[in-house]
Amino acid sequence: MIATSLKTPSARVERKIRALVAKPGLDSHDRGAKVVARALRDAGMEVVYTGLRQTPEQIVEAAMQEDVDVLCLSILSGAHMTLFPRIIDLMKEKGLDDVLVIAGGVIPEEDISKLKDMGIAEIFGPGTPTRVTVDYVRNNLKRKS
Amino acid sequence: MLDPEELREIKEKSGRWEETTLKSYLETRPERKPEFTTTSGFQVSRLYTPADVSDLDYSEDLGYPGQFPYTRGIHPTMYRGRLWTMREFSGFGTAEETNRRFKYLLSEGETGLSVAFDYPTITGYDSDHPFAQGEVGRCGVAVSSLADMETLFAGIPLDKVSTSMTINGPAAMLLAMYIAVGQKQGMAPELLSGTTQNDMLKEFFAQKLCIFPPKPSVKLVVDIIEHCAKKLPKWNPISISGYHIREAGANAVQELAFTLADGLAYVQATVDRGLDVDEFAPRLSFFFAAHNDLFEEVAKFRAARRIWAQFMKERFKARNARSMWMRMHVQTSGCTLTAQQPVNNTIRVAIQGLAAVLGGTQSLHTNSFDEALALPSEEAVRIALRTQQIIAHESGVSNTVDPLGGSFYLEALTREMEEKALKYIDQIEAMGGIFQAIEKGFLQKEIVNSAYRYQQDVDKKERIIVGLNEYAGNETSKIPLLRIDPQLEEFQLRKLRRLKESRNQDLVTRTLEKLRQASEKDNNVMPHILDSVKAYCTLGEICGVLREVYGQYEELVMF
């Protein structure tokens, strides 16, 4: 009762930023993905983590189901040039053009520009402070809530 | 270790030192931080004196190398007799390419082989499975059948090298292929020496490369231990691994405790199978990480030996001294390497390698400085190997046994490491054991919490990483990286297609059917897996049969 009374009646419930952290492919390095997922959650976002070994289809399906604003892909296995384009294509197919897509992991420099051309907004390599990722998500959402 | 009179005097003098010399010094020169801690968060005192180790009983707690409890080393002469095995983990692309890398490393003075398999192989899929697209040969070598294994070891006599294989879910299949390659070279299985990682428990909470659920996974582990105890006397059927636990985010004490808890579970499971402890325990081996906090790491290795020896003697009533030995392989830490200013990593690797040697390891892999960016280039792996050779031949640390033993700091830290690890082991056992701890997500949670805390410390600069959050400069040194030719995947697929067309299909069907029957009856499946690989059944086919019988593991997703 007290908690309710403290709320100003006009306060609009703001929709939290919804994020999906996904691990495509067979790669099992999930330390970074989990750290990022928790950092986003600590920053006040609603975070869903897919778990390991997700196919592009499963990831895009989850992004749709969870109605996310941002999709964070993590991969360290070197299969990014095979898996990322499929995810991007499927997202376009499903009309998820307004979802921000970012990626992290071990991704060689020469692949970064190709991935950006495809539609991955930013790539965060090893050593990126979590604050940088959080701020980037906040400032670059495509959907305006 | 001291008589009460001496101890009293030291305490008194320490007190006086604090009141006089130290106090006046601190008045004008305060310390850099209010408190100092190890990487795992242990409080570190300003100074250690004999008073900090006064409860240590030299004979009981340290003793002599080659004698219980093996704190100072498992061999009486350690590296004065024989240096550790220098083993560089390698594998990429096709079997042809990795075979060339193996021969290169042997020609540069490497003394043992260590195979990295690609993701499809370690998760039990053939290179032509849809899940394998884009992954073939990327993080290791692709091995889909005995044909690939024959190529991988072509021209390498298996009775002359020891081979370590980082393989868990499909360990039985890869070991069977190795045995079959040996037989084709004319070597009986009893001549083969090496190691299969074959540690499934840590997969469920750390490395997470799982195929089957925990119970059948451990059943397969025990099948291999039993088979090796009877047929491969020189083979280490398992390497109980803390390395991946640490890389996933655990600190040193968690790495130690969770590894030992896994080890205890395997011993129990094998004893429950009906084997005598001394029949198999001498061949159990361990695998740890070495990080930058040199003293903490050395303490971890020493505590590990002491705890293991005690458990084996007291809980499992081992009589053979070898059953009490903790033989270990150490790898320097991948997660401490930075993508920024990568050449700095050579220094980290040297410190970590030194820690492993000061900790009395039997075998060492030193990481290459480019590993935060890619699989190692030939130059980078040569420097990594040279780092070990410099430690061995130039640093002087191999001249005496356990050179840091007796350091007040190290002994206090070894004791603290031991106590904290034992507390964790008690906690796990109180939950009902390792299976329950995994099921509840306890271990996963502990690790992810540590990983997050570490990252926060780095982000807040409470932990300095040179070249990353301090001294970052704007260095843009470019180093040449190993590239995996995407055409290798095509080449591997063609090879696999040819194999499937040319093999005796009837034999394939028959051996797989026999394997299915054996696995349904809960028999030891090793002999049937051996028959299957010899019939050129593929890895994916064999794992497919077992997936149908055992089911597949569903990850407990949490962060």
Of the criteria (1) touching a Gly at 6+ places or on another chain (Cβ under 8 Å); (2) among the polar types (S, T, N, Q); (3) not in a loop (DSSP other than H, G, I, E, B), which one B:THR71 fails: (3)
Any hit, the range B:377-394, residues being closer than 22 Å to B:VAL298 by Cβ, modelled with pLDDT of 95 or more and within 14 Å of another protein chain (Cβ to nearest Cβ): no
Number of positions in the range B:471-486 that are within 12 Å of another protein chain (Cβ to nearest Cβ) and more than 30 Å from B:THR94 (Cβ to Cβ): 2
When residues of the range B:90-115 are limited to those that are surrounded by 19 or more Cβ atoms within 10 Å (Cβ to Cβ) and of a type in the set (A, V, I, L, M, F, W, C), the one farthest from B:ASN168 (Cα to Cα): B:LEU105
Residue pairs meeting the criteria (Cβ under 7 Å; at least 6 apart or on separate chains; first over 19 Å from B:PHE442 (Cβ atoms) and in contact (Cβ under 8 Å) with a residue 24 or more places away in the chain, in the range B:256-273; second among the aromatic types (Phe, Trp, Tyr) and surrounded by fewer than 24 Cβ atoms within 10 Å (Cβ to Cβ)): B:VAL267/B:PHE316; B:THR270/B:PHE280; B:VAL271/B:PHE316
Output for the range B:125-152, where each listed residue is surrounded by 24 or more Cβ atoms within 10 Å (Cβ to Cβ) and closer than 25 Å to B:TRP235 by Cα: B:GLY140, B:VAL141, B:ALA142, B:VAL143, B:SER144, B:SER145, B:LEU146, B:ASP148, B:MET149, B:LEU152
Filtered residues of the range B:416-442 (kept if in contact (Cβ under 8 Å) with a residue 60 or more places away in the chain and either within 14 Å of chain A (Cβ to nearest Cβ) or on the phi > 0 side of the Ramachandran plot (or both)): B:GLY433, B:GLY441
Hits in the range B:363-401 (condition: closer than 24 Å to B:GLY63 by Cβ, out of contact with any Phe, Trp or Tyr (no Cβ under 6 Å at 6 or more places or on another chain) and surrounded by 19 or more Cβ atoms within 10 Å (Cβ to Cβ)): B:VAL401
Test for B:VAL525: is it over 26 Å from the mean Cα position of the chain (by Cα) and modelled with pLDDT of 95 or more: no
Search result, residues across the range B:464-479 that are surrounded by 14 or more Cβ atoms within 10 Å (Cβ to Cβ) and touching a residue at least 24 places away in the same chain (Cβ under 8 Å): B:ILE465, B:VAL466, B:GLY467, B:LEU468, B:ALA472
Selected residue (criterion: surrounded by the most Cβ atoms within 10 Å (Cβ to Cβ)) from residues of the range A:56-82 that are at negative phi and within 9 Å of chain B (Cβ to nearest Cβ): A:HIS80
Helices (runs of 4 or more DSSP H) within the range B:89-154 that include 3 or more residues away from every other protein chain (no Cβ under 14 Å): B:95-107, B:146-152
Test: residue in the range A:40-48 that is under 30 Å from B:PRO342 (Cα atoms) and either in contact with a Ser or Thr (Cβ under 8 Å, 6 or more places away or on another chain) or free of Cβ contacts under 8 Å to residues at least 24 places away in the same chain (or both): yes
Pick from the range A:106-126, criterion within 14 Å of A:ILE75 (Cβ to Cβ) and free of Cβ contacts under 8 Å to residues at least 12 places away in the same chain, ranking: farthest from the other protein chains (Cβ to nearest Cβ): A:ILE112
Pairs where the first residue, in the range B:533-545, is among the hydroxyl-bearing types (Ser, Thr, Tyr) and the second is part of a loop (DSSP other than H, G, I, E, B), C-beta under 8 Å, 6+ apart: B:TYR536/B:SER145; B:TYR536/B:ARG503; B:TYR536/B:ASN504; B:THR538/B:ASP126; B:THR538/B:SER144; B:THR538/B:SER145
Yes/no for B:GLN331 being of a type in the set (S, T, N, Q) and out of contact with any strand residue (DSSP E or B) (no Cβ under 7 Å at 6 or more places or on another chain): no
The range B:488-504 residues that are polar (S, T, N, Q), paired with ones that are outside any helix (DSSP H, G or I) (beta carbon under 8 Å, 6 or more apart): B:GLN492/B:THR94; B:GLN492/B:SER127; B:GLN492/B:VAL136; B:GLN492/B:GLY137; B:GLN492/B:ALA142; B:GLN492/B:SER144; B:ASN504/B:ALA535; B:ASN504/B:TYR536
Those residues of the range A:41-55 which are within 23 Å of A:HIS80 (Cβ to Cβ) and more than 10 Å from chain B (Cβ to nearest Cβ), in sequence order: A:GLN54
Flag if A:VAL134 is away from every other protein chain (no Cβ under 11 Å) and under 13 Å from the mean Cα position of the chain (by Cα): no
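Let's see how each residue does on (1) more than 14 Å from chain A (Cβ to nearest Cβ); (2) acidic (Asp, Glu):
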{"site": "B:LEU488", "(1), (2)": "no, no"}
{"site": "B:GLU501", "(1), (2)": "yes, yes"}
{"site": "B:GLN505", "(1), (2)": "yes, no"}
{"site": "B:ASP522", "(1), (2)": "yes, yes"}
{"site": "B:HIS528", "(1), (2)": "yes, no"}
{"site": "B:ASP531", "(1), (2)": "yes, yes"}
{"site": "B:GLU541", "(1), (2)": "yes, yes"}
{"site": "B:GLU548", "(1), (2)": "yes, yes"}
{"site": "B:MET558", "(1), (2)": "no, no"}
Unmet criterion (only one of (1) more than 11 Å from the chain's Cα centre (by Cα); (2) within 14 Å of chain B (Cβ to nearest Cβ); (3) not hydroxyl-bearing (Ser, Thr, Tyr)) for A:GLU93: (2)
Conditions (1) within 12 Å of chain B (Cβ to nearest Cβ); (2) modelled with pLDDT of 95 or more; (3) within 27 Å of B:PHE205 (Cβ to Cβ); (4) within 16 Å of the chain's Cα centre (by Cα): number failed by A:PRO85: (3)
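The values are calculated or read from the model by the stated rules, or taken from the named source; none is laboratory data. Not measured: the values here are computed from a predicted model. Glycine also receives a Cβ, built like all others from the backbone with ideal geometry; neighbour counts cover every protein chain displayed.
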